[in-house]
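K.L.:
I'd like to ask you about the structure that follows.
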Amino acid sequence: MDAASMGSSKRTSSPMPSPRFEVALAYQDLPTGLHARQFLNHVLDHCQLGPDFELTLWKLEMFHVPEICEQGVIAASHSELVLVSLRGDIGLEAETEYWMKQWIDRREDESALAVLIDTDMQRLDSVGQTLFRLQDLTRFSQVRLFFGFLP
């Protein structure tokens, strides 16, 4: 048997790759991105998923570009977990809300939306408005909303 046929026989007899847990992580800035990644590492360790996940990263301010927003919607609609990390003093920006609405409308299966909010607890009015908006977006969908606060 020559080297070429050995290589092809290995490819045809290899097992199918295991399904991967897909995560879309969207963040506002470097600190919120780092907090989200630390949170995700903790969740993955706790669930013992290790390397069996696929991660796509999205900077929220880039969603004003329609092509990038569309790519983000597609990635999120294939993900079991969408993790969004926000600053508490800004609120939910229009581009971010549009992206979430598009994702929720197009998602393929039940999924989870985890929202981390960096806050110093002095801008509770902005945080409250963000939470109400997120509840409105997910209320009649199969998206399960979870949120947490980071100091």
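The values are calculated or read from the model by the stated rules, or taken from the named source; none is laboratory data. Bear in mind the structure is a predicted one, so any value in this text is a computation, not a measurement. Cβ atoms come from the backbone with ideal geometry, glycine included; neighbour counts cover every protein chain shown. Heavy atoms of the whole protein, side chains included, go into the accessibility calculation; ligands, DNA and RNA do not. Shrake-Rupley method; radii C 1.70, N 1.55, O 1.52, S 1.80 Å.
K.L.:
Name the shape class, rounded, prolate or oblate, that the alpha-carbon gyration tensor gives for segment 40-137, where a ≥ b ≥ c are the square roots of its eigenvalues, rounded holds for a/c under 1.5, and otherwise prolate holds if a/b is larger than b/c and oblate otherwise.
P.N.:
Values: a/c = 1.79, a/b = 1.19, b/c = 1.50.
Taking the square roots of the gyration eigenvalues as a ≥ b ≥ c, segment 40-137 is oblate.
K.L.:
Further, regarding this structure: In segment 52-151, which GluC sites (Glu not before Pro) are in a loop and have at most 10 other Cβ atoms within 10 Å, using DSSP for the loop call?
P.N.:
Working: sites: GLU54, GLU61, GLU67, GLU70, GLU80, GLU93, GLU95, GLU97, GLU108, GLU110; in loops: GLU80, GLU93, GLU108, GLU110.
When the GluC sites (Glu not before Pro) of segment 52-151 are filtered for loop state and at most 10 Cβ neighbours within 10 Å, GLU108, GLU110 remain.
K.L.:
Over segment 19-151, what is the relative contact order in percent, taking alpha-carbon pairs closer than 8 angstrom and at least six residues apart?
P.N.:
Numbers: 216 pairs, mean separation 35.1, N = 133.
Relative contact order, segment 19-151: 26 percent.
K.L.:
Separation between the ARG133 and GLU108 pseudo-spin-labels, each 7 Å from Cα along Cα→Cβ, expressed in nm?
P.N.:
So the two model labels end up 2.9 nm from each other.
K.L.:
Label segment 60-99 by shape, choosing from rounded, prolate and oblate, from the square roots a ≥ b ≥ c of the eigenvalues of the Cα gyration tensor; if a/c is under 1.5 it is rounded, and otherwise prolate applies when a/b is larger than b/c, oblate when it is not. Numbers along the way, then the final one.
P.N.:
Numbers: a/c = 2.71, a/b = 1.28, b/c = 2.12.
Cα axes put segment 60-99 in the oblate bin.
K.L.:
Tell me, in nm to one decimal, what length is gained between LEU145 and LEU34 on full extension, where the rule is 0.36 nm per residue of separation less the Cα-Cα distance? Walk me through the intermediate numbers first.
P.N.:
Numbers: separation 111, 0.36 × 111 = 39.96 nm, distance 2.09 nm.
Here the answer is 37.9 nm.
K.L.:
In the neighborhood of LEU116, defined by Cβ-to-Cβ distances under 11 Å, what is the net charge if each Lys or Arg adds +1 and each Asp or Glu adds -1? Intermediate results must be reported in sequence, preceding the final value.
P.N.:
Numbers: positive: ARG37, ARG87; negative: ASP118.
Neighbour charge sum, excluding LEU116 itself: +1.
K.L.:
Ordered by residue, what ³J(HN,Hα) values in Hz, to whole numbers, does segment 82-88 give under the Karplus form 6.51 cos²θ - 1.76 cosθ + 1.60, where θ = phi - 60° and Gly and Pro are x?
P.N.:
Values, residue by residue: 10, 10, 10, 10, 10, 7, x Hz.
K.L.:
When the accessible area of segment 41-151 is split by element with a 1.4 Å probe, what percent falls to carbon and sulfur? Walk me through the intermediate numbers first.
P.N.:
On the way: 3370 of 6390 Å².
Looking at segment 41-151 in its full context, I get 53 percent from C and S.
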